Number of protein chains: 2
Amino acid sequence: MRVMGVDPGLTRCGLSIVEGGLGRKVTALAVDVVRTPPDLDLAHRLLGVADAAELWMDTHLPEAVAIERVFAQHNVSTAMGTAQAGGVIALAAVRRGIPVAFHTPSEVKAAVTGNGSADKAQVTAMVTRILGLRVAPKPADAADALALAICHCWRAPLMDRMAKAEAQAAAAQRRYAEKLAEQRKAVRR
Amino acid sequence: MRVMGVDPGLTRCGLSIVEGGLGRKVTALAVDVVRTPPDLDLAHRLLGVADAAELWMDTHLPEAVAIERVFAQHNVSTAMGTAQAGGVIALAAVRRGIPVAFHTPSEVKAAVTGNGSADKAQVTAMVTRILGLRVAPKPADAADALALAICHCWRAPLMDRMAKAEAQAAAAQRRYAEKLAEQRKAVRR
């Protein structure tokens, strides 16, 4: 499964492509950081980020796009730009028929380091080790984009099984309700 | 000048088209509210909003798109969705070569009611009066989208003049600095 990891942002947007293999085997195929100048207007900054991400989608043809879910941050105006960058990338993916998943920072940290509150250095160190890289990816946004793709490779099968199990449970409950209704009708006759 | 006003949102996104004429004359050409179901995933909700806004751009061919600038709200997760909806619309406009402007809620309120902290009812009442509508636009998102477009029609000429004046001032300062540098050189010789 080929996954595109996105650490969204306007100043720096991390992009990665990771190929997930059997079990926990993952291989990095590409990683980069897209930058847009802070003095550019918002719409053109979004254009820069979207153009780069769409070129990656059309070049690497990922089967899924994993984006970091943005929460309220210390800096609210930065969080808005980050959310918007993630939004335009999610839209580009869905328009190409590529499924989009959002993972929270703590889900990503927990997946790659085993600790949901790991710091940036720990995430970078584990990403370097898991992917067998010779040098640590830099800046932190590049490492985060790789971590997101790894997290998705490992969580996606689990999320699929969970969704199937939930669907089965819902179907069973529906059948039970129908049966019950029929029996009640039979009793009334 | 034909302006598309956007009150961004995922649950309800207000869209309007207003034609600005001479002086403060403005005419409403279209207004609607796009809704996406809250149980749909984020990427598909963004798709619904973007598809609708792009259809409007391609049908009404606005010369400018005015979007409400989102700030931290009481509900942070709503603010993120709102910011993302605004982001995908800004990107769609810039890809069509349409200039995008962001106005804050208080700029919009001040423009249409004269009071930057007017309430929703006051904004709706003034929008109805300014546009000479027989019935008040509903829901509030529709009135807000109209208010945004009116605000842009009235502020755009002023913003243009400001930008030109700033550019002139910057050019004058640059010429002065060059002259000063030349004179200093001359003194040294």
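The values are calculated or read from the model by the stated rules, or taken from the named source; none is laboratory data. Just so it is clear, the structure is predicted and the values come from calculations on it, not from any experiment. With ideal geometry, Cβ positions are generated from the backbone for all residues, glycine too; neighbour counts draw on all protein chains shown.
When the range B:143-158 is limited to residues that are touching a His at 6+ places or on another chain (Cβ under 9 Å) and at pLDDT 95 or above, the one that is surrounded by the fewest Cβ atoms within 10 Å (Cβ to Cβ) turns out to be B:C151. Against the definition (closer than 18 Å to B:I17 by Cβ, outside any helix (DSSP H, G or I) and modelled with pLDDT of 95 or more), how does B:I98 come out, yes or no? Considered against the rule, which asks whether it is closer than 18 Å to B:I17 by Cβ, outside any helix (DSSP H, G or I) and modelled with pLDDT of 95 or more, B:I98 comes out as yes. If you filter the range B:75-94 down to residues that are outside any loop (DSSP other than H, G, I, E, B) and surrounded by fewer than 17 Cβ atoms within 10 Å (Cβ to Cβ), you find that the one that is nearest to the other protein chains (Cβ to nearest Cβ) is B:V76.
Residue check, B:L29 against (1) over 23 Å from B:A111 (Cα atoms); (2) part of a strand (DSSP E or B), all met but one. Which one? The number of the failed condition is (1).
Scanning the range A:123-140 for residues that are part of a helix (DSSP H, G or I) and either loosely packed, with under 15 Cβ neighbours inside 10 Å or modelled with pLDDT under 95 (or both) yields A:R129, A:A140. Sort out which residues of the range B:27-74 are more than 14 Å from every other protein chain (Cβ to nearest Cβ), among the hydrophobic types (A, V, I, L, M, F, W, C), in contact (Cβ under 8 Å) with a residue 24 or more places away in the chain and surrounded by 13 or more Cβ atoms within 10 Å (Cβ to Cβ), and write them in order of number. B:A28, B:L29, B:A30, B:V31, B:V33, B:W56 - these are the residues of the range B:27-74 that are more than 14 Å from every other protein chain (Cβ to nearest Cβ), among the hydrophobic types (A, V, I, L, M, F, W, C), in contact (Cβ under 8 Å) with a residue 24 or more places away in the chain and surrounded by 13 or more Cβ atoms within 10 Å (Cβ to Cβ).
For the range A:41-63, which positions are closer than 18 Å to A:A142 by Cα and aliphatic (A, V, I, L, M)? If the condition is that a residue be closer than 18 Å to A:A142 by Cα and aliphatic (A, V, I, L, M), then A:V49, A:A50, A:A52, A:A53, A:L55, A:M57 are the ones that fit. Selection over the range A:95-116 of residues that are surrounded by fewer than 17 Cβ atoms within 10 Å (Cβ to Cβ), under 19 Å from A:P62 (Cα atoms) and either of a type in the set (G, A, S) or facing another protein chain (nearest Cβ under 9 Å) (or both) gives a count of 3. For B:G114, the stated conditions do not hold, so it cannot be described as closer than 27 Å to A:L46 by Cα and over 15 Å from the mean Cα position of the chain (by Cα).
Please tell me if B:G9 is of a type outside the set (A, V, I, L, M, F, W, C), within 14 Å of another protein chain (Cβ to nearest Cβ), within 13 Å of B:A145 (Cβ to Cβ) and in a loop (DSSP other than H, G, I, E, B). Yes: the conditions hold for B:G9.
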